[in-house]
Amino acid sequence: MNEFETKHLDFPLELKSMAVDGAFAGYASVFGNMDSQKDIVLKGAFKSSIAAKSGIKLLWQHQPDEPIGVINKMAEDEYGLYMEGQLLLDVQKAREAYSLLKSGAINGLSIGYMPTDYSTDYESGVRFLKQVELWEVSLVTFPANPQAVVSSLKSAPATIREFEDFLRDAGYSRKEAKAIALRGFEKPSGPRDAGCEGEISGLYASLEKALAALNQLVIN
């Protein structure tokens, strides 16, 4: 078969993270899961596409004239095809896609590809995809199956209150989180007595740790 196929694969999409700058990570395909057209992607199917670094595109709804970002990393693991992408938020459609993802209005990924090596079980009608030429990954509104949904979506905190909640989730006490959120961004001014020196040093050490954790959240 040489025709180009654009499909909504039937797999449980797991969007690992979404940063405020539009960076995201997740799985574009899952191995061993039959889609609505009775195709099953096997481990190793994407190896040649990944090795070729052929400029796989990140599109909106499979529209070739609507690129919305870039794919920074793709790799196969035991679970499926892992990818890291970046929505380009100076592009209007990418901003719309980011907003729709955050709100849950859209929650699917789909891949466009051409099968190059496969076998078919003619009794069941199931086709096993051993090798595909991957052309693009798209954010889509309607995945082929209700299972193909975003299971988690995280954003970096945008307000002091959200930052305080983030610190609490990271293990800080309510008092520590409030102190860092309210005072940590302000450089101390004026005379300080010796008694508060240790408290301030500890505060800034905590702030440094918190910001490192926040930076990791945004990157990952």
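The values are calculated or read from the model by the stated rules, or taken from the named source; none is laboratory data. For clarity, every value in this text was computed on a predicted model and none was experimentally measured. Please note: Cβ atoms are built from the backbone with ideal geometry, for glycine as well, and neighbour counts cover all protein chains shown. When the accessible area is computed, the model is the full protein with side chains, heavy atoms only, and any ligands, DNA or RNA have been set aside. Shrake-Rupley method; radii C 1.70, N 1.55, O 1.52, S 1.80 Å.
Of the candidates GLU96, GLU123, GLU76, GLU84, the single residue that is acidic (Asp, Glu) and in contact with a helix residue (DSSP H, G or I) (Cβ under 9 Å, 6 or more places away or on another chain) is GLU76. Of everything in the stretch 26-79 that is of a type in the set (Gly, Ala, Ser) and open to solvent by less than 30 Å² (accessible area, probe 1.4 Å), the residue that is farthest from LEU100 (Cα to Cα) is GLY44.
Quick grid of which residues meet (1) closer than 27 Å to MET34 by Cβ; (2) without any contact (Cβ under 8 Å) to a residue 12 or more places away in the chain:
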site: GLN86; (1), (2): no, no
site: VAL91; (1), (2): no, no
site: SER119; (1), (2): yes, yes
site: VAL126; (1), (2): yes, no
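May I ask you to verify whether SER103 is farther than 20 Å from TRP135 by Cα and exposed (fewer than 15 other Cβ atoms within 10 Å of the Cβ)? Yes, satisfied. Across the stretch 108-133, the number of residues qualifying as open to solvent by less than 60 Å² (accessible area, probe 1.4 Å), more than 24 Å from the chain's Cα centre (by Cα) and among the polar types (S, T, N, Q) comes to 4.
This table checks each residue for (1) at pLDDT 90 or above; (2) out of contact with any His (no Cβ under 7 Å at 6 or more places or on another chain); (3) aliphatic (A, V, I, L, M); (4) part of a strand (DSSP E or B).
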| position | (1), (2), (3), (4) |
| --- | --- |
| LEU100 | no, yes, yes, no |
| ALA105 | no, yes, yes, no |
| TYR113 | no, yes, no, yes |
| ASP117 | yes, yes, no, yes |
| SER124 | yes, yes, no, no |
| LEU129 | yes, yes, yes, yes |
| LEU134 | yes, yes, yes, yes |
| LEU139 | no, yes, yes, yes |
| PRO143 | no, no, no, no |
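Scanning the stretch 62-88 for residues that are outside any strand (DSSP E or B) and touching a Ser or Thr at 6+ places or on another chain (Cβ under 6 Å) gives a single hit, HIS62.
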